[in-house]
1. Going through 28, 7 one at a time, which residue ends up being assigned to a helix (DSSP H, G or I) and without any contact (Cβ under 8 Å) to a residue 60 or more places away in the chain?
2. Restricting to the stretch 15-28, and then to whatever is buried (at least 18 other Cβ atoms within 10 Å of the Cβ) and not β-branched (Val, Ile, Thr), can you tell me which residue is nearest to residue 83 (Cα to Cα)?
Amino acid sequence: MSFEAWVAFAAASSVLLVIPGPTVLLVVSYALGQGWRTALPMATGVALGDFTAMTLSMLGLGALLATSATLFTVLKWIGAAYLVYLGIKLWRAGGTLDAAPRTDAVSAAKMLGHAWLVTALNPKSITFFVAFLPAFLDPKADFLTQMLVFETTFLVLAFANAFGYALVASRARRLASNPRAIGIVNKVGGGLLVGAGVATVSLAGTRS
């Protein structure tokens with residue numbers, strides 16, 4: 001794969017991971033209620049959950065690529081449009097982060113398992129990866145190599161994002177519940193997502 005494609009993937013992934021969703025809300029809930037000690041088990045569980053969802057998605061995309069290059073190209077354009085859609089939706093989302101502190105005593109192993117279940121078993125995760133990844137995959141390059149690079153990149157970013165959210169929520173609780181701060185994050189992230197979608201359109205076009 002080209003270095004440009006990897007950079008575009010890493011940038012888009014970083015923005016997507018920062019967007020508050022079910023996984024982020026779970027991480028923040030535990031951190032608000034039980035402090036910074038939740039960071040490591042929660043981040044590990046999130047990374048394992050993303051690994052599960054992403055591997056299943058990549059295997060499906062590999063089968064599709066082997067079956068029909070045309071359908072794979074169409075999926076690339078859908079993925080680029082999906083990024084733009086997510087960006088617009090995020091821009092209009094406002095500043096809400098509904099994460100109630102979890103004060104129930106839970107072991108690190110149970111936290112890890114909870115984070116894995118929420119991340120991996122969310123149907124939106126696999127749907128997201130199926131729509132998101134094709135815009136960055138090169139049909140002419142080795143699929144397994146791209147799968148390894150993209151998965152490793154995303155999982156490192158997912159771990160760092162969950163770990164960071166847990167630390168911020170445990171240390172700066174007012175910031176985590178501040179509608180204005182969340183609103184700024186949403187607007188900046190939304191704008192970056194739209195930009196990433198436009199960039200991946202050009203990637204999809206040059207490789208089709």
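Please treat every number below as a calculation from the coordinates, not as lab data. Worth saying up front: this structure is predicted, and the values here are computed from it rather than measured. Because the Cβ atoms are built from the backbone with ideal geometry, glycine has one as well, and the counts that use them run over all protein chains shown.
1. Answer to the check: 7.
2. So, considering only residues that are buried (at least 18 other Cβ atoms within 10 Å of the Cβ) and not β-branched (Val, Ile, Thr), the one nearest to residue 83 (Cα to Cα) is 16.
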